[in-house]
Amino acid sequence: MSAAGIDDPHGAYVLRLADSNLVLAQRLGEWIGHAPALEEDLGLANTALDLLGQARLLLTHAGDLEGRGRDEDALAFLREERDYRNVALVEQPNGDFGDTIVRQFLYDAWQVELYGRLGASRDRQLAAIADKALKESNYHLRFSAGWVVRLGDGTPESHERVQGSLDRLWPWTVELCEPDDIDHAMLAAGVGVDLAAVRAGWDRRVDRTLSEATLVRPADHPWRWFGKRGQHGEHLGRLLAEMQSLHRAHPGAQW
């Protein structure tokens, strides 16, 4: 078995998408009951539920492609930290509300571009999941982009703080559109997407919102820390320990 837990590049590709949504759903769930206002609490909770639903469909599909009988629960709860292939952006701590919103906006803009292209995948199951998820991701992007504008073009303090959030999180965005061997193989097979085209669309969406928010786009720098290659920081292990604790304490339990 590969380090990713699935040897086949097709299954590994789908698993990456699933892991990113699963980890971000868990991160957003940490906000429930703690957001600045009830509306934002519900908005973050609904986004988390959407991402979790997408993760479940993708995990099930990845398990079917693997063909070893592992279902969504086995893949979500019974892998180790080193086996996760989520992009590193989503495992970054929530920080304050501005940090969370900026992280969400950068990811949402990427997902809208990604899912819009995955709808043409030769993997019809993946295409169907992407078509459904795209509708949800467009809503997520309206929510997060709206808040980026409100914070960036708000008070001097909110502007300064959200610019700081953008500066801190920006380096993690390099991974979103940096292809590796699996990305190249899936593009050649007609399963995956052209990440250069995703990057061009992502750039347009991000630049438009940052301009409206009066925020300065940070400079790009070379970055070689990629969660989708299993390179995780200190935060993911603690997140997974909490997420997996109940299932591991009561394996196979149903209620």
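The values are calculated or read from the model by the stated rules, or taken from the named source; none is laboratory data. Since this is a predicted model, take the numbers as computed values, not measurements. Please note: Cβ atoms are built from the backbone with ideal geometry, for glycine as well, and neighbour counts cover all protein chains shown.
Which of the residues spanning region 203-255 are polar (S, T, N, Q) and out of contact with any Gly (no Cβ under 9 Å at 6 or more places or on another chain)?
Within region 203-255, SER211, GLN231, GLN244, SER245, GLN254 qualify.
Output the residue which, of all residues in region 219-255 that are among the polar types (S, T, N, Q) and surrounded by fewer than 15 Cβ atoms within 10 Å (Cβ to Cβ), is modelled with the lowest pLDDT. Don't jump to the end; show me each part of the working.
Start the filter on region 219-255 by keeping residues that are among the polar types (S, T, N, Q), which leaves 231, 244-245, 254.
Subset that is surrounded by fewer than 15 Cβ atoms within 10 Å (Cβ to Cβ): 231, 245, 254.
Details: GLN231: 88, SER245: 80, GLN254: 70.
Restricting to residues being among the polar types (S, T, N, Q) and surrounded by fewer than 15 Cβ atoms within 10 Å (Cβ to Cβ), the top hit is GLN254.
This table checks each residue for (1) modelled with pLDDT of 90 or more; (2) part of a helix (DSSP H, G or I).
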| site | (1), (2) |
| --- | --- |
| GLN26 | yes, yes |
| PRO36 | no, no |
| GLU40 | no, yes |
| LEU57 | yes, yes |
| HIS61 | yes, yes |
| ASP73 | no, yes |
| ALA76 | no, yes |
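Is it the case, given these coordinates, that ASN86 is in contact with a Gly (Cβ under 9 Å, 6 or more places away or on another chain), assigned to a helix (DSSP H, G or I) and either surrounded by 15 or more Cβ atoms within 10 Å (Cβ to Cβ) or hydroxyl-bearing (Ser, Thr, Tyr) (or both)? Give the derivation first.
Details: in contact with a Gly (Cβ under 9 Å, 6 or more places away or on another chain): yes; assigned to a helix (DSSP H, G or I): no; either surrounded by 15 or more Cβ atoms within 10 Å (Cβ to Cβ) or hydroxyl-bearing (Ser, Thr, Tyr) (or both): yes.
In short, no.
If the condition is being without any contact (Cβ under 8 Å) to a residue 60 or more places away in the chain, part of a helix (DSSP H, G or I), of a type outside the set (A, V, I, L, M) and surrounded by fewer than 21 Cβ atoms within 10 Å (Cβ to Cβ), then region 111-131 contributes ARG124, ASP131.
Applying the condition of being aliphatic (A, V, I, L, M) and closer than 14 Å to VAL23 by Cβ to region 67-82 and asking which residue is surrounded by the most Cβ atoms within 10 Å (Cβ to Cβ) yields LEU75.
Taking first residues from region 19-46 that are surrounded by fewer than 17 Cβ atoms within 10 Å (Cβ to Cβ) and partners that are among the basic types (Lys, Arg) and at pLDDT 90 or above, no Cβ contact under 9 Å between residues at least 6 apart in sequence or on separate chains turns up. Restricting region 134-168 to residues that are under 13 Å from SER211 (Cα atoms), among the small types (Gly, Ala, Ser) and in contact (Cβ under 8 Å) with a residue 24 or more places away in the chain, the residue that is surrounded by the most Cβ atoms within 10 Å (Cβ to Cβ) is GLY152.
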